[in-house]
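Colleague: Below you will find the structure I want to go over with you.
The values are calculated or read from the model by the stated rules, or taken from the named source; none is laboratory data. Just so it is clear, the structure is predicted and the values come from calculations on it, not from any experiment. Note that we place each Cβ from the backbone using ideal geometry, even for glycine, and neighbour counts take in every protein chain shown.
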Amino acid sequence: MYAIVEIAGKQFKVEKDKYIYTHRLDSEAGSSVTFDKVMFVDNSGKIMIGLPSLKGASVTGKVLEHLKDDKVIVFKKKRRKGYKKKNGHRQYLSKVLIESINA
């Protein structure tokens, strides 16, 4: 059984007892979260599609920790001008364990 869920503006394919990394959530580490924007559920061949989301469907998860992603390097250069600029950042993420999918 899996579902397609919208979390913080992005769509994720989630399965029970699997981890996902999402943009930083406001919840504390160790707390439980519920996602209500479930767009698609596949229950061993039985498919439910929402327009745009399923009514009454939800996905519950547990925030395990907050962490930072790998560094992304942003390098800008204009050839023959002597212009070089190197920047970078690390995205803030939350690690979420999916506990149940309620269709």
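Colleague: Filter region 59-83 down to the residues that are surrounded by 15 or more Cβ atoms within 10 Å (Cβ to Cβ) and touching a Gly at 6+ places or on another chain (Cβ under 8 Å) and list them by number.
Modeller: Across region 59-83, the qualifying residues are Lys62, Val63.
Colleague: Going by what's in this entry, would Asp42 be described as touching a residue at least 24 places away in the same chain (Cβ under 8 Å) and either aromatic (Phe, Trp, Tyr) or under 30 Å from Lys16 (Cβ atoms) (or both)?
Modeller: Considered against the rule, which asks whether it is touching a residue at least 24 places away in the same chain (Cβ under 8 Å) and either aromatic (Phe, Trp, Tyr) or under 30 Å from Lys16 (Cβ atoms) (or both), Asp42 comes out as yes.
Colleague: Go through region 11-30 and report how many residues are assigned to a loop (DSSP other than H, G, I, E, B) and either closer than 12 Å to Lys62 by Cα or touching a Leu at 6+ places or on another chain (Cβ under 6 Å) (or both).
Modeller: Here the count works out to 8.
Colleague: Within region 25-58, which residues are surrounded by 14 or more Cβ atoms within 10 Å (Cβ to Cβ) and within 13 Å of Lys95 (Cβ to Cβ)?
Modeller: Answer for region 25-58, where residues must be surrounded by 14 or more Cβ atoms within 10 Å (Cβ to Cβ) and within 13 Å of Lys95 (Cβ to Cβ): Leu25, Ser27, Val33.
Colleague: Any idea which of (1) assigned to a strand (DSSP E or B); (2) of a type in the set (Gly, Ala, Ser); (3) free of Cβ contacts under 8 Å to residues at least 60 places away in the same chain is the one Ser94 doesn't satisfy?
Modeller: For Ser94, the exception is condition (3).
Colleague: Can you tell me which residues in region 38-53 are in a loop (DSSP other than H, G, I, E, B) and either more than 10 Å from Val5 (Cα to Cα) or modelled with pLDDT of 95 or more (or both)?
Modeller: Ser44, Gly45, Gly50, Leu51, Pro52
Colleague: Give the residue that is surrounded by the fewest Cβ atoms within 10 Å (Cβ to Cβ), with candidates limited to residues of region 84-103 that are touching a Phe, Trp or Tyr at 6+ places or on another chain (Cβ under 8 Å) and closer than 26 Å to Val38 by Cβ.
Modeller: Once the filter is applied, the top-ranked residue is Leu97.
Colleague: Would you be able to tell me the number of residues in region 61-91 that are aliphatic (A, V, I, L, M) and either in contact (Cβ under 8 Å) with a residue 24 or more places away in the chain or in contact with a helix residue (DSSP H, G or I) (Cβ under 7 Å, 6 or more places away or on another chain) (or both)?
Modeller: Number of matching residues: 3.
Colleague: Among the residues of region 54-62, are any in a strand (DSSP E or B) and touching a Leu at 6+ places or on another chain (Cβ under 8 Å)?
Modeller: yes
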